[in-house]
Amino acid sequence: MIIGTGRSAIGTIVERKSRSILLVHLPRLEGYGEIAPVKNGPALGGYGALAMNTALIATMTKLPEQLRKTLTWDRGKELSAHAQFALETGTKVYFADPHSPWQRPTNENSNGLLRQFFPKGTDLSRWSAEDLEAVALALNNRPRKTLGWKTPAEVFEEQIHSLQKAGVATTD
């Protein structure tokens, strides 16, 4: 997840093999800025546990089941509803050790690439879900040295194709 000003955020999911990026739109909840924050009340900033869970489930279930077996998250409280997420998606959730970004290097690198589009100190809530899709499309179509100069979209498509091939029975 990348954090912006005014309790704004964008969730980031990176498929490890293809480096394909999915961005999770986390709009502020109704009442943000109008209702005084309540201790232990709902997180209206958009990335509280319930809002994150809802948005993450909606995004992850777009992926084929074989590509959403596990998710490694940092230790933020925004994924404190991980048990419900795991039940609804069939995804096992792992947590990186505290202050250990090297345990999620692909995601950290991708978050760095995203800062080209969403600079630090920016209110991230101003971008719509469609804007986030356009940014993900741009990054997923950028060739990467680590992929042999293929794009993440090409490698992802190869993965989908191989999954479909593996699922088809032969008559041999």
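The values are calculated or read from the model by the stated rules, or taken from the named source; none is laboratory data. This structure is a prediction, so every number in the text was calculated from the model and none was measured. As a convention, Cβ positions derive from the backbone with ideal geometry for all residues, glycine included, and neighbour counts pool all protein chains shown.
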Next item on the list: Identify, from the list 16, 7, the residue that is outside any helix (DSSP H, G or I), within 20 Å of residue 85 (Cα to Cα) and at pLDDT 75 or above.
Entry: 16
Note to self: Exactly one condition in (1) under 29 Å from residue 51 (Cβ atoms); (2) surrounded by 14 or more Cβ atoms within 10 Å (Cβ to Cβ); (3) in contact with a helix residue (DSSP H, G or I) (Cβ under 9 Å, 6 or more places away or on another chain); (4) without any contact (Cβ under 8 Å) to a residue 60 or more places away in the chain is false for residue 131; which is it?
What the structure shows: (3)
Next item on the list: Filter segment 93-102 down to residues that are out of contact with any Leu (no Cβ under 9 Å at 6 or more places or on another chain) and under 9 Å from residue 74 (Cβ atoms) and give me whichever is surrounded by the fewest Cβ atoms within 10 Å (Cβ to Cβ).
Entry: 98
Item checked: Every pair of residues 6+ apart whose Cβ atoms lie under 8 Å, when the first sits in segment 82-102 and is of a type in the set (Ser, Thr, Tyr) while the second is at pLDDT 90 or above and surrounded by fewer than 12 Cβ atoms within 10 Å (Cβ to Cβ) -> 91/69; 91/70; 94/70
Checklist line | Members of segment 127-141 that are part of a helix (DSSP H, G or I) and either within 16 Å of residue 20 (Cβ to Cβ) or touching a Ser or Thr at 6+ places or on another chain (Cβ under 8 Å) (or both) | finding: 132, 133, 134, 135, 136, 137, 138, 139, 140
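If you go through segment 64-81 one residue at a time, do you hit one that is touching a Ser or Thr at 6+ places or on another chain (Cβ under 6 Å), free of Cβ contacts under 8 Å to residues at least 60 places away in the same chain and not in a helix (DSSP H, G or I)? Let's see the steps before the verdict.
At the first step, the residues of segment 64-81 found to be touching a Ser or Thr at 6+ places or on another chain (Cβ under 6 Å) are 68, 71.
Pick out the ones that are also free of Cβ contacts under 8 Å to residues at least 60 places away in the same chain and you get 68, 71.
Checking the rest, the ones that are also not in a helix (DSSP H, G or I) come to 68, 71.
Taking every residue of segment 64-81 in turn, at least one turns out to be touching a Ser or Thr at 6+ places or on another chain (Cβ under 6 Å), free of Cβ contacts under 8 Å to residues at least 60 places away in the same chain and not in a helix (DSSP H, G or I).
What are the residues in segment 83-119 that are among the hydroxyl-bearing types (Ser, Thr, Tyr) and assigned to a loop (DSSP other than H, G, I, E, B), if any?
Scanning segment 83-119 gives 91, 100.
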Notebook entry, point to check: Does residue 163 satisfy the condition of being under 23 Å from residue 26 (Cα atoms) and in a helix (DSSP H, G or I)?
Noted result: no
Check: Which condition number in (1) surrounded by 15 or more Cβ atoms within 10 Å (Cβ to Cβ); (2) within 15 Å of residue 55 (Cα to Cα) is the one that residue 124 fails?
Finding: (2)
